[in-house]
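Below is one structure, written out as structure tokens, with a few remarks after it.
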Amino acid sequence: MKVAHVTLYPPKNSKHTSGSGVASYSKNLITSIQASAHTQSVVCNVIDSPEQYAEDSLDVRRVFVKKPSFIIAVHKELKKLDADVVHIQQELALYGGIVTAFLLQWLVFLWRKKVVITLHGVVDPSKIDAKFVNENNSRLPVWIVKLAFRIIYTPLVKWSQKVIVHEHYFKSILIKSYGVDAKKIIVVPHGVESLVAFEKQNAREKLQLSKNADVVLFMGYATGYKGIDLLIEGFGEYAKINRNAVLVIGAGKHPKLHDNEAYLKEYQRLQDKAAKIIPAGQYRWEGFIDETEIGLYYSASDVSLYPYTTAISSSGPMSFAIGYEKPFLVSTAFADIFAQYPHLLFERSPEAMATRLDYFFSHRNEYSETSSLMKSERTWSNVGQRTVRAYETITGLESGSE
């Protein structure tokens, strides 16, 4: 079976880079499938200039720049490859700005008899309100944003042969809000790497963190729905009852917004808020954390926090926590996803977050096996096998683009 992957892809000899977690996701997925002896090509983004090369026994073709013309470059390359399956990774504005998000549907239409699409985020239009719009750095009226999501997602799921999502919760949204046939949707969890944590005290020494501190980690790009206001307020409450607690804020500036004046002003507001609410010795604002240090930060922490206001996609940073088998806590935005793990959840209020942190540090043994269990269910080898089964359901269909 010949598979062409359309995605962002990390530079040679790297995996976790700034810009999008989809790039590292794709590399993990594709290399896990490679063991299955399928012929694979990666049609991906240009780094410095267009090029074609082999890496990990894969055919990598860097042919498009993230702008509206990307669909022309990708379509031409797909015609050369004539693959049995075209697997497209989708995240809002992944291939450029909002215009490219609308244009992607035409690429799906052209290759509709061969397309498997992975939706890394699924937004329920019924849940879009003024708060959601504001958190996602938009000034458009709510009704326009709702309409835009329907216009973007409906053709993608209609014209694809199979749709992959990472959680059953997202499948239910596609069925109820977008009218997708349940048989068309395949749930394949976000894979987690088989990572080995450093010894905690060694990691803390390298990061200059106290060996006796109760260390709480937040990692991820600073965007509205990540709940950084709640993170700061909730930890501020907890810091009042635990002077030994330290919050490490690995909130990098989002690469798509680094030149946006309003976004930079909001980023500074959050930094100022942390300085005002949390005692100086009980937090560190680290900003973007390079991939070479990710393991150190998770190894040095006792628990990581995900106080999101809404669950619109699987969390890459959370996958690190699972991969390193480290405890984590999440807001009730993830209640439908982690319903079987109620001890992980806290209501979206500062007091509730502080209470959950207090419970965690008093009952650590209750959290020791949760990430290990999730890790066993979400290995990349398992994810690769399940993805290949999705390919196999369509390889008997008529091939070719129209």
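Miscellaneous remarks
- For the stretch 259-292, a tally of residues being free of Cβ contacts under 8 Å to residues at least 60 places away in the same chain and over 25 Å from E233 (Cα atoms) returns 3.
- Some residue of the stretch 246-253 being farther than 30 Å from T100 by Cβ, out of contact with any Phe, Trp or Tyr (no Cβ under 6 Å at 6 or more places or on another chain) and in a helix (DSSP H, G or I): no
- Of the residues contained in the stretch 230-243, one or more are found to be in the same structural domain as Y367 (by TED's automatic domain parsing) and outside any helix (DSSP H, G or I).
- Among residues of the stretch 1-30 that are more than 23 Å from T395 (Cα to Cα), those with a Cβ under 6 angstrom from a residue that is of a type in the set (V, I, T) and in a loop (DSSP other than H, G, I, E, B), sequence gap 6+ or separate chain, pair up as P10/T17; P11/I47.
- Odd one out for K131, checked against (1) of a type outside the set (F, W, Y); (2) part of a helix (DSSP H, G or I); (3) crowded, with 19+ Cβ neighbours inside 10 Å; (4) at pLDDT below 95: (3)
- Positions within the stretch 174-191 being of a type in the set (D, E, K, R) and outside any helix (DSSP H, G or I), in sequence order: D181
- Residues in the stretch 173-205 that are polar (S, T, N, Q) and either surrounded by fewer than 16 Cβ atoms within 10 Å (Cβ to Cβ) or not assigned by TED's automatic domain parsing to the domain that holds G21 (or both): S194, Q201, N202.
- Filtering the stretch 149-173 to residues that are touching a Leu at 6+ places or on another chain (Cβ under 8 Å) and within 30 Å of A130 (Cβ to Cβ) leaves I152, Y153, L156, V157, V163, V165, F170.
- Considering residues of the stretch 356-394 that are aromatic (F, W, Y) and in contact with an Asp or Glu (Cβ under 9 Å, 6 or more places away or on another chain) only, the residue modelled with the lowest pLDDT: W380
Every residue, every condition in (1) assigned to a helix (DSSP H, G or I); (2) hydrophobic (A, V, I, L, M, F, W, C); (3) touching a helix residue (DSSP H, G or I) at 6+ places or on another chain (Cβ under 7 Å); (4) surrounded by fewer than 20 Cβ atoms within 10 Å (Cβ to Cβ), yes or no:
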{"position": "R61", "(1), (2), (3), (4)": "no, no, yes, no"}
{"position": "Q89", "(1), (2), (3), (4)": "no, no, yes, no"}
{"position": "L94", "(1), (2), (3), (4)": "no, yes, yes, no"}
{"position": "L140", "(1), (2), (3), (4)": "no, yes, yes, yes"}
{"position": "W143", "(1), (2), (3), (4)": "yes, yes, no, yes"}
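- Which numbered condition V163 misses (of (1) in the same structural domain as K131 (by TED's automatic domain parsing); (2) surrounded by fewer than 20 Cβ atoms within 10 Å (Cβ to Cβ)): (2)
- Matching residues in the stretch 157-173 - criterion: being touching a strand residue (DSSP E or B) at 6+ places or on another chain (Cβ under 6 Å), in a helix (DSSP H, G or I) and under 18 Å from L92 (Cα atoms): V157, K171
- Count - residues of the stretch 347-374 that are free of Cβ contacts under 8 Å to residues at least 40 places away in the same chain and either in a helix (DSSP H, G or I) or in contact with a Ser or Thr (Cβ under 8 Å, 6 or more places away or on another chain) (or both): 8
- Test result for D302, in contact with a Phe, Trp or Tyr (Cβ under 8 Å, 6 or more places away or on another chain), surrounded by fewer than 19 Cβ atoms within 10 Å (Cβ to Cβ) and in contact (Cβ under 8 Å) with a residue 40 or more places away in the chain: no
- Selected residue (only one of H258, H168 is surrounded by fewer than 16 Cβ atoms within 10 Å (Cβ to Cβ), modelled with pLDDT under 95 and not assigned by TED's automatic domain parsing to the domain that holds S371): H168
- Among the residues of the stretch 113-156, those that are of a type in the set (K, R) and out of contact with any strand residue (DSSP E or B) (no Cβ under 7 Å at 6 or more places or on another chain) comprise K113, K127, K131, R139, K146, R150.
- L264 falls short on exactly one of the conditions (1) part of a loop (DSSP other than H, G, I, E, B); (2) out of contact with any Gly (no Cβ under 6 Å at 6 or more places or on another chain), and that condition is (1).
The values are calculated or read from the model by the stated rules, or taken from the named source; none is laboratory data. None of these values were measured; they are calculated from a predicted model. All Cβ positions, even for glycine, are placed from backbone atoms using ideal geometry, and neighbour counts span all protein chains on display.
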